[in-house]
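The values are calculated or read from the model by the stated rules, or taken from the named source; none is laboratory data. This one's a predicted model, so the numbers in the text were calculated from it and none came from an experiment. Cβ coordinates were reconstructed from backbone atoms using ideal geometry, including for glycine residues, and neighbour counts include every protein chain displayed. Heavy atoms of the whole protein, side chains included, go into the accessibility calculation; ligands, DNA and RNA do not. Shrake-Rupley method; radii C 1.70, N 1.55, O 1.52, S 1.80 Å.
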Amino acid sequence: MSATVAGARTAADVAARVTDPEMPFLTLADLGILREVAETPDGVVVTITPTYSGCPAMRTIRDDLTAALRGAGYGRVLVRTVLSPAWTTDWITAAGREKLAVAGISPPGDAPRRAGGPVPLTLGRPARVVACPRCGHPETEEIAAFSATACRSLRRCPACREPFEHVKEI
Amino acid sequence: MSFDDAYEALTDHADDSRWAYGTGFADPLAGVDTAVPDGADRAELAAYCLMLGDDALIMSHRLQQWVTRLPELEDELAIANIALDLLGQARLLFARAAEVEGAGRDEDAYAFLRAEGEFRNVRLTERADADFAHLVARLLAFATWRLALLDRLTASADPVLAAVAAKGVKEVTYHRDYAAQWVVRLGDGTGLSHERMQAATDAVTPLLAELFVPHETELRLVRAGVAVDPAATREEFDDVWARVLAAATLRPFPPAASAGEAPAEAGPEAGPAGGLEAGADGGLDGGLGAGPARGLDGGLGAGPAGGLGAGLGAGLGAGLGAGADAGAGGRHGVHTAAMAEILAELQGVARSVPGGVW
């Protein structure tokens, strides 16, 4: 995508550059919520998926995609939502993870996987090891599993004493 | 959309861009492929979506009432996030109900324009929390039950329900962990916090039996491969509940003797015997209208927490509760007094200014 020559952008390029309204340093493609862009005789069909059921940014994302594509000369734009398969943080791209870290938000580790049986219960502190995105200290502690947006948790670094946000694995 | 608001005008401009978001009521299923599975009755599928959606909506509303009143900023964020997840689930389920019902209603019509007797949420979701311990006890019960339900619903023959469930499982896993960790922290804390946490879990127990009683609509949809029989979640629920309460050094269920002494609502006739009588009266099941069922409720002298439930709660461990209150619970539109208070707040603006925009 970064190699695209200006003025020769496809609909997929345009859509991929639209940014997330809550984390504007990330594109929809970085986040993995842009699932497909198809140029059809009836117009451009963009398929997106929500991160969380209650994500309040979905409508803005739809509007932003439509505006960006119309601005690039695509007259007819349809934005579809798919719910399945459900979004997972594993879809955040390598570039997206780097941008998160630069912004002081620690990127997610591997999403939890389950072999079968009931969803496991976590009673103690999560065993996950998360490094500090500011000073690089290898181990930090979770303050809360919920933060300013649905997708982030709040942590603190014992070395630099700074709190920071972490994209929690789902 | 028929529920345009002031911001709708902004978004309908040529560039479709907005300066704020979260202000409109866009269809959350926009563009989702929505066929109805073979063998599923449309009206029943819609009713089932409303049951699961109402659970989420009313629980979300109760959680929202806590925002600005919680003990720590982190808990404000947690409860607000959990409420938002549940509201999102409710919207998806209402949108699905609207689609399969095909009667021109939308998510707002379901939330704001239905009467109390048309809501299908279980009574656990309505309960006002006396303190933070009651909140986390109730949230633990709700999230444990809903997670077990949604996890099974991922195999539904209805593709939209399966997809909504798959997303919901990821969310509710965090909700359950949050509640469970607080129950352990308070239960296994100081003498005072232990005592108050125990009182809170004891208070929730009478509301649990209802969670596992299937409605006839659910059972028919189970046969069509669409729904989950709530009774099937009982084993997982009991296991998680027992593990969390054991880690919290709490007894899982109030001692049987305390049921008769239970405060307020539980009259002498509302013990286990009363519960069984109600079961024999299960013919009221068919009466979907709130009228006759409400009569039964009143006849048993069930107050806000349900005198009937108080008796059943004591027997939960012994398996006495199953089926005993069929026909008299939230799934049939029979609610506690708390529901009127919730709807007054939830629906007040929509009802006083019908179709209003600002």
Legend entry - Inter-label distance, nm, simple model (7 Å from Cα along the C-beta direction), B:Asp41/A:Leu123: 4.4 nm
Inset, instruction - Please identify the cysteines of chain A that lack any partner cysteine with a Cβ under 4.7 Å from their own Cβ. - result: A:Cys55, A:Cys151
Inset, instruction - Using only Cα atoms, find the angle between the long axis of helix A:58-71 and the longest principal axis of chain A, and express it within 0 to 90 degrees, rounded to the nearest 10. - result: 40 degrees
Legend entry - 15 Å beta-carbon shell around B:Phe237, net charge (K/R +1, D/E -1): -2
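Could you provide, to the nearest whole Å², the per residue accessible area of the range A:11-81 with probe 1.4 Å?
Numbers: 2540 Å² over 71 residues.
Accessible surface, normalised per residue, equals 36 Å².
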Inset, instruction - Between B:Ala337 and A:Cys135, with labels modelled 7 Å along Cα→Cβ, what's the label distance in nm to one decimal, could you check? - result: 5.7 nm
Legend entry - Cα gyration tensor shape for the range B:88-188, rounded if a/c is under 1.5, else prolate or oblate: oblate
Legend entry - FRET efficiency estimate (nearest 0.05) - Cβ-Cβ, B:Arg223 to A:Arg161, R0 56 angstrom: 0.45
Inset, instruction - Note down the net charge around A:Gly104, summing +1 for each Lys or Arg and -1 for each Asp or Glu among other residues with Cβ under 15 Å from its Cβ. - result: +3
Legend entry - For chain A: rounded, prolate or oblate by the Cα gyration tensor [a/c cutoff 1.5]: prolate
Inset, instruction - Have a look at the range B:72-91 and report residues whose accessible surface goes down by 50 Å² or more when the remaining protein chains are included, against the chain on its own, probe 1.4 Å, ligands and DNA/RNA excluded. - result: B:Glu74, B:Leu77, B:Asn81, B:Leu84
Legend entry - Per-residue HN-Hα couplings for the range B:68-79 [Karplus 6.51, -1.76, 1.60; θ = phi - 60°; Hz; x = Gly/Pro]: 5, 10, 7, x, 9, 4, 4, 6, 4, 5, 4, 5
Legend entry - Amide hydrogen neighbours beyond the local backbone of A:Val77, cut-off 5 Å, H modeled: A:Val44
Inset, instruction - Would you kindly derive the ³J(HN,Hα) couplings of the range A:30-39 from the backbone phi angles with the Karplus curve 6.51 cos²θ - 1.76 cosθ + 1.60 (θ = phi - 60°), listing them in order in whole Hz, with x for Gly and Pro? - result: 4, 6, x, 8, 8, 8, 7, 10, 10, 9
Inset, instruction - Once you've got the GNM for chain A with C-alpha springs shorter than 10 Å, pick whichever of A:Ile143, A:Ile33, A:Ile105 has the biggest mean-square fluctuation. - result: A:Ile143
Legend entry - For the range B:46-60, Karplus couplings with θ = phi - 60° (6.51, -1.76, 1.60), whole Hz, Gly/Pro x: 4, 4, 5, 4, 5, 4, 5, x, 5, 3, 5, 5, 6, 4, 4
Inset, instruction - Taking 7 Å along the Cα-to-C-beta vector as the label spot, tell me the B:Arg351-B:Arg251 distance in nanometres, rounded to one decimal. - result: 4.2 nm
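What does the charge count around B:Ala340 come to, taking other residues whose C-beta lies under 11 Å from its C-beta (Lys +1, Arg +1, Asp -1, Glu -1)?
Once all neighbours under 11 Å are counted, the net charge is -4.
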Legend entry - Average beta-carbon neighbours from other chains, 10 Å sphere, peptide A:133-144: 1
Legend entry - Cα gyration tensor category, rounded, prolate or oblate, for the range B:160-264 with a/c compared to 1.5: oblate
